[in-house]
Amino acid sequence: MNTATTAPTVPPKRRIIRLREVRNRVGYKTSNIYRLISLGEFPKPTKFCSYSVGWYEDEIAAWVNARTQREQGTSDNRIIRMSEVEELTGFKRSYIYGLIRKNKFPQSIAIGARIVGWDANSVLEWIEAQKVSE
């Protein structure tokens, strides 16, 4: 007769990380993180005392992995800022805005009150179309 007892399994402790570490892991600023939370696209923080919040490390890691897998897909579903648009096109900011005024460049997307970005797919398709027309 086997009388061996098994010890109850204790779930591993979940590590809580603070905002600074979350910012470092995801590469976003605080305002973008909270904007994504409000849109339901980022893990919500956990309140662990009356004035302090943190995120579970495993939830942030899962979010980063999902984002990485999505970005490695065939389409680029992200919003890019002016510095990346300049880098991709080789044009300066003033020239890009001139093209936008003439409706010859993809329209920007309002991210915040004074912040704009561009759909990466639209910009990449525009670049490809320019190469074909040359």
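The values are calculated or read from the model by the stated rules, or taken from the named source; none is laboratory data. Since the structure is predicted, the reported quantities are computational estimates derived from the model, not experimental observations. Positions of Cβ are generated from backbone atoms using ideal geometry, with glycine treated the same way; all protein chains shown enter the neighbour counts.
Would you confirm, using the coordinates I've provided, whether Arg78 is touching a residue at least 12 places away in the same chain (Cβ under 8 Å) and basic (Lys, Arg)? So Arg78 fits the description; yes. Residues that are in contact with a Lys or Arg (Cβ under 8 Å, 6 or more places away or on another chain) and modelled with pLDDT of 90 or more within region 81-117 comprise Met82, Glu86, listed in sequence order.
Among the residues of region 73-128, count how many are among the aliphatic types (A, V, I, L, M), over 17 Å from the mean Cα position of the chain (by Cα) and under 21 Å from Leu36 (Cα atoms).
Final tally of qualifying residues: 1.
Of all residues in region 1-17, those that are outside any loop (DSSP other than H, G, I, E, B) and modelled with pLDDT under 90 total 0. Is one or more of the residues making up region 18-32 surrounded by 14 or more Cβ atoms within 10 Å (Cβ to Cβ), at pLDDT 80 or above and part of a strand (DSSP E or B)? Taking every residue of region 18-32 in turn, none turns out to be surrounded by 14 or more Cβ atoms within 10 Å (Cβ to Cβ), at pLDDT 80 or above and part of a strand (DSSP E or B). Restricting Trp118, Trp55, Trp63 to those that are in a helix (DSSP H, G or I), touching a residue at least 24 places away in the same chain (Cβ under 8 Å) and out of contact with any Leu (no Cβ under 7 Å at 6 or more places or on another chain) reduces the list to Trp63.
Restricting attention to region 46-78, the residues that are of a type outside the set (Lys, Arg), touching a strand residue (DSSP E or B) at 6+ places or on another chain (Cβ under 7 Å) and modelled with pLDDT of 85 or more add up to 7.
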